[in-house]
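Visitor: Handing you a structure now.
The values are calculated or read from the model by the stated rules, or taken from the named source; none is laboratory data. Just so you know, these numbers come straight off a predicted model, no measurement behind them. As a convention, Cβ positions derive from the backbone with ideal geometry for all residues, glycine included, and neighbour counts pool all protein chains shown.
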Amino acid sequence: MDIPESEKKVLADFKFPVPMLVKWTKFNRPHVGFFVKNGHITRLTLRGLKLTALPDSIGNLKKLRVLLLTNNQLKYIPESFQYLINLEELALGTNNFTFLPKWFGNLENLQSVSLGNKELN
């Protein structure tokens, strides 16, 4: 099953030194990968890639339910992130966040947020 062009663009907008994204299987949970359900990306893992920013296009992943971004160097969350209305699980530990935006609380479906040991303002 193919995914929409807008979701393919999000994957292409990430800048990291890996040859390709790996599709998840039941037995393969890579540090970089995605899972597709009903033709949309529902899980995305980008761990340990030294990412310093997320692309604004990430907001196009409207069906995203799980986002794992641990062990990067992220300093902020782009405003487009607020459009991830189906997001249920978010892992942000071991990054460089000092605050979360006010609109972060509007992610109504968010059930689990992992921030690590970070103290936020």
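Visitor: Residues in region 58-72 that are more than 10 Å from the chain's Cα centre (by Cα) and closer than 23 Å to Glu5 by Cβ: how many? Step through it out loud before you land on a result.
Guide: Initial filter on region 58-72 (more than 10 Å from the chain's Cα centre (by Cα)): 60, 62-63, 71-72.
Adding the requirement that they be closer than 23 Å to Glu5 by Cβ leaves 60, 62-63.
Of the residues in that region, 3 qualify.
Visitor: Now for a separate question. What's the number of the condition Lys37 fails, among (1) modelled with pLDDT under 90; (2) of a type outside the set (Asp, Glu); (3) surrounded by fewer than 16 Cβ atoms within 10 Å (Cβ to Cβ)?
Guide: Evaluating Lys37 over (1) modelled with pLDDT under 90; (2) of a type outside the set (Asp, Glu); (3) surrounded by fewer than 16 Cβ atoms within 10 Å (Cβ to Cβ) leaves (1) as the failure.
Visitor: Being modelled with pLDDT of 90 or more, out of contact with any helix residue (DSSP H, G or I) (no Cβ under 9 Å at 6 or more places or on another chain) and either among the aliphatic types (A, V, I, L, M) or surrounded by 18 or more Cβ atoms within 10 Å (Cβ to Cβ) (or both): is that true of Val66 here? Talk me through it step by step, then tell me what you get.
Guide: Working: modelled with pLDDT of 90 or more: yes; out of contact with any helix residue (DSSP H, G or I) (no Cβ under 9 Å at 6 or more places or on another chain): yes; either among the aliphatic types (A, V, I, L, M) or surrounded by 18 or more Cβ atoms within 10 Å (Cβ to Cβ) (or both): yes.
In short, yes.
Visitor: What number of residues within region 23-34 are at pLDDT 55 or above and either outside any loop (DSSP other than H, G, I, E, B) or surrounded by 14 or more Cβ atoms within 10 Å (Cβ to Cβ) (or both)?
Guide: 6
Visitor: In addition: If you check every pair at least six apart or on different chains, which have Cβ atoms under 6 Å apart with a residue in region 89-103 that is under 18 Å from Leu61 (Cβ atoms) first and a residue that is of a type outside the set (A, V, I, L, M) and in a loop (DSSP other than H, G, I, E, B) second?
Guide: Ala91/Thr70
Visitor: Mind checking whether some residue in region 94-104 is of a type in the set (A, V, I, L, M) and modelled with pLDDT of 90 or more? Quick ask: steps written out before the conclusion?
Guide: Taking region 94-104 as the starting set, the residues that turn out to be of a type in the set (A, V, I, L, M) are 100.
In the following step, the residues that additionally are modelled with pLDDT of 90 or more were identified as none.
The answer is no, given that none of the residues of region 94-104 is of a type in the set (A, V, I, L, M) and modelled with pLDDT of 90 or more.
Visitor: Right, here's the next one. Would you point out which residue out of Ile85, Ile77, Ile58 is touching an Asp or Glu at 6+ places or on another chain (Cβ under 9 Å) and assigned to a loop (DSSP other than H, G, I, E, B)?
Guide: On the way: Ile77 fails: touching an Asp or Glu at 6+ places or on another chain (Cβ under 9 Å); Ile58 fails: assigned to a loop (DSSP other than H, G, I, E, B).
Being touching an Asp or Glu at 6+ places or on another chain (Cβ under 9 Å) and assigned to a loop (DSSP other than H, G, I, E, B) holds for just one of Ile85, Ile77, Ile58, which is Ile85.
Visitor: For Lys118, indicate whether it is modelled with pLDDT of 95 or more and more than 11 Å from the chain's Cα centre (by Cα). Spell out the reasoning first.
Guide: On the way: modelled with pLDDT of 95 or more: no; more than 11 Å from the chain's Cα centre (by Cα): yes.
No, not satisfied.
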